[in-house]
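Please treat every number below as a calculation from the coordinates, not as lab data. Source: prediction; values computed, not measured. Because the Cβ atoms are built from the backbone with ideal geometry, glycine has one as well, and the counts that use them run over all protein chains shown.
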Amino acid sequence: MTSPSLHIVSTPIGNLGDISRRAVDTLRDADVVLAEDTRRTGMLLRHLEIQTRLMSAHEHNEASRATLVVEMLREGKNVALVSDAGTPLLSDPGARIVREVVAAGFPVIPIPGASALLSALVASGIEAERFTFFGFPPRKGPERTELLEEVAASPRASVLYESPNRLGRLMVDLAEAAGGERRVAVARELTKMHEEFFRGTLTEAAARYADAEVLGEIVVVVAGRTADAVAEGEVDELAADAVAKALLSQGQSPSAVAKELRRRLGISRNDAYRIAQDAAEP
């Protein structure tokens with residue numbers, strides 16, 4: 001093992017057979033394993049017959065842990081960081097630790113492995129050469145509305161995480177924002193015994209999950225807006241694009257540009273967000 005370094009270790013999202021030999025070796029050789037939930041990671045380490053010291057690192061103590069990790073690295077120790085499952089930092093704590101370790105001049109080494117995001121994406125049946133990962137959507141308010149509009153307007157696939165008890169509501173809200181015919185894939189309990197995929201339209205998904213009791217961890221993949229759907233709207237694309245680029249050059253964010261396009265040109269929310277996003281791309 002390279003010394004001293006912070007290793008970002010991917011762990012199984014369900015099936016324990018998905019852990020790599022390199023991940024096992026890294027966890028065994030580390031001086032400390034930082035875990036989001038030490039009880040959950042402790043079960044994994046016992047299964048692997050690894051006795052490395054465990055230490056918690058979650059959203060409530062990440063700042064102090066970042067300082068401690070840098071101190072341990074300066075002492076010549078190796079540190080491994082894991083999340084509850086899958087690849088760390090994707091909707092999980094750890095980003096601040098990585099930033100401070102990089103700032104302190106120590107190596108940060110990724111140990112690839114299982115990822116719920118990528119597993120759902122590649123099996124979704126949805127065109128996803130380009131995609132945007134949104135994590136867990138806001139539960140309410142303008143932030144949720146803005147996210148839904150961004151998903152609806154995007155020509156790229158969108159990937160979201162959601163809790164089982166809010167899945168039905170998300171399908172309804174997405175159908176209203178993006179249109180009921182937009183394709184969606186809902187992945188549940190990936191790599192586990194009860195793994196399940198639903199593939200269909202948002203209208204079908206909203207009906208399926210309206211009253212259903214849903215259990216397990218959920219990943220949602222929404223198809224991007226098609227060229228045909230874009231062509232249906234009567235928008236002066238050249239004028240809107242020119243305005244968007246001018247506003248972006250002034251330092252405004254794509255979301256702020258979209259709101260200004262709606263105000264100035266009277267175009268739909270979906271078109272405004274799409275044009276702003278396209279203009280922001282290099």
When Rg is the radius of gyration of the Cα atoms in the range 6-114 and Rh is its Kirkwood radius, what does Rg/Rh come to?
-> 0.93
Whole-Hz Karplus couplings 3J(HN,Hα) for the range 103-113, θ = phi - 60° and coefficients 6.51, -1.76, 1.60, Gly and Pro as x, run 4, 7, x, 9, x, 10, 10, x, 10, x, x
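With a cut-off of 8 Å between alpha carbons and a minimum separation of six or more residues, what is the relative contact order of the chain in percent? Walk me through the intermediate numbers first.
On the way: 514 pairs, mean separation 48.6, N = 282.
With pairs under 8 Å counted, the relative contact order is 17 percent.
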Please identify which residues in the range 160-184 have an amide N closer than 14 Å to a label point set 7 Å out from the Cα of residue 136, following the Cα→Cβ vector.
-> 160-167
How high is the FRET efficiency from residue 268 to residue 127, r the C-beta distance, R0 41 Å, rounded to 0.05?
-> 0.95
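Hey, can you rank 164-177, 239-252 by average C-beta count inside 10 Å, highest first? Walk me through the numbers on the way to the answer.
Details: 164-177: 19.1, 239-252: 15.4.
Those peptides, ordered most packed to least, come out 164-177, 239-252.
So between residue 15 and residue 61, what do we pick up on full extension, going 0.36 nm a residue minus the alpha carbon distance?
Extra length available between residue 15 and residue 61 comes to 13.7 nm.
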Residue separation between residue 213 and residue 46 times 0.36 nm, minus their alpha-carbon distance, gives in nm 56.9 nm
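Normalised radius of gyration for the range 89-194, please: alpha carbon Rg relative to 2.2 N^0.38 Å, two decimal places. Please list the in-between numbers first.
Numbers: Rg = 16.2 Å, N = 106, 2.2 N^0.38 = 12.9 Å.
Here the Cα radius of gyration is 1.25 times the empirical estimate.
Is it possible to state the helix-based mean residue ellipticity at 222 nm for the chain, with each DSSP H run of 4+ residues giving -39500 (n - 2.57), the sum divided by total residues, to the nearest 500 deg cm²/dmol? What is it? Before the final figure, lay out each step's value.
Numbers: 12 runs with 125 residues, N = 282.
Result for the chain, helices only: -13000 deg cm²/dmol.
Between residue 239 and residue 196, what length in nm is gained on full extension when 0.36 nm per residue of separation is reduced by their alpha carbon distance?
Values: separation 43, 0.36 × 43 = 15.48 nm, distance 4.53 nm.
Between residue 239 and residue 196, full extension yields 10.9 nm more.
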Cα centroid separation - the range 22-71 against the range 110-155, whole Å = 28
Given [x] 19.8, 66; [y] 18.1, 51; [z] 21.6, 64, which label gives Rg and Dmax of the Cα atoms in Å as computed from the coordinates?
-> [z]
In percent, how large is the relative contact order of the range 233-280, given Cα pairs closer than 8 Å and 6 or more residues apart?
-> 45
